[in-house]
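Written out below as structure tokens is the structure these notes cover.
All of the numbers you see were taken from the coordinates with simple rules; none came from a lab. Keep in mind that what you see is a predicted model, and the values were worked out from it rather than measured. Here the Cβ positions follow ideal geometry from the backbone for every residue, glycine too, while neighbour counts run over all protein chains shown.
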Amino acid sequence: MALTKDQIKITYPLPVYNYKVEIDGETVGFSEVSGLSVDYETSTYVESSISGIGPRRMYMPSQKKSAAVTLKKGVVTGVSVATLFAWIDSIQLNRVDKKDVYVRLCDENGAAVVSWKVINAFPTKLDAPSFTADSNDVAVESMELMADGVVVEQA
């Protein structure tokens, strides 16, 4: 039995390439985003045994871990230097400019379906592209962010 267009829309997974990244309300084009994970630390509780069989170990969730997100993008004249470098350069002035970053997975029409909100992110590292004289690859810079956490929001 053939599926209708509406059935395909709700049952097939979305392609991973159709996304957009918003930093402080401004859409910035990144070629790769990684590290959008929600992790918890665990605590081990060792309970002594009355029957003498041995201690019983229990693992409990503890505090939420901070998120480390990596963003990669091609170097574009004016845009790369102005946006990303200015953000990481502000940390040297003993100010931390924390921003919310949204990674939005979109449908075929460009409408956001699922969003990952990176809360209170600030840059910790900005890598320049690797330069090689015998290569014709695109110059890609990388920025690492540290954040309070990641929240998933349904559109």
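Shape verdict for the range 1-82, please, from the Cα gyration tensor: rounded (a/c under 1.5), prolate (a/b greater than b/c) or oblate.
Details: a/c = 4.78, a/b = 1.67, b/c = 2.86.
Verdict is oblate for the range 1-82.
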**Study point:** Helix-only [θ]222 nm of the chain, DSSP H runs n ≥ 4, -39500 (n - 2.57) each, per residue, nearest 500
**Key:** -1500 deg cm²/dmol
Exercise for review: Can you work out the PRE-style zone for Tyr45? Point 7 Å along Cα to Cβ, and I want the residues of the range 55-77 with backbone N under 17 Å.
Suggested key: 55-64
Practice item. Answer with a single label: of (i) 57; (ii) 61; (iii) 68, which was calculated as percent of Cα pairs over 18 Å apart from the structure in view? Key: (iii)
Point to revise | About the Cα centre, charge dipole magnitude for the chain (Lys/Arg +1, Asp/Glu -1 at Cβ), debye | key: 480
Review point. Each residue of the range 117-133 in turn: what ³J(HN,Hα) in whole Hz from Karplus with 6.51, -1.76, 1.60 and θ = phi - 60°, glycine and Pro shown as x?
Key: 9, 8, 8, 6, 7, 9, x, 10, 7, 10, 9, 6, x, 7, 9, 9, 5
**Study point:** Likely footprinting exposure, Lys5, Lys117, fewest C-beta neighbours within 10 Å first
**Key:** Lys5, Lys117
Practice item. Please order Asp39, Asp6 by the number of other Cβ within 10 Å, starting at the fewest. Key: Asp6, Asp39
Review point. For the range 1-48, rounded, prolate or oblate, judged on the Cα gyration tensor with a ≥ b ≥ c (square roots of eigenvalues), a/c < 1.5 rounded, else prolate if a/b > b/c?
Key: oblate
Practice item. List the extent of the Cα atoms of the range 46-132 along each of their three principal axes, largest first, rounded to whole Å. Key: 72, 41, 33
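Can you give me the relative contact order of the range 20-122 as a percent, contacts being Cα pairs under 8 Å and 6 or more apart? Could the numbers behind the result be given before it?
Numbers: 148 pairs, mean separation 28.4, N = 103.
Normalised by residue count, the contact order of the range 20-122 is 28 percent.
Assuming R0 = 25 Å, can you tell me the calculated FRET efficiency for the pair Lys98 and Val138, based on Cβ-Cβ distance, to the nearest 0.05?
Details: r = 30 Å, r/R0 = 1.19.
Computed FRET efficiency for Lys98 and Val138: 0.25.
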Check your understanding: What FRET efficiency would be calculated for the residue pair Ala155, Lys64, taking the C-beta separation as r and a Förster radius of 35 Å, to the nearest 0.05?
Key -> 0.90
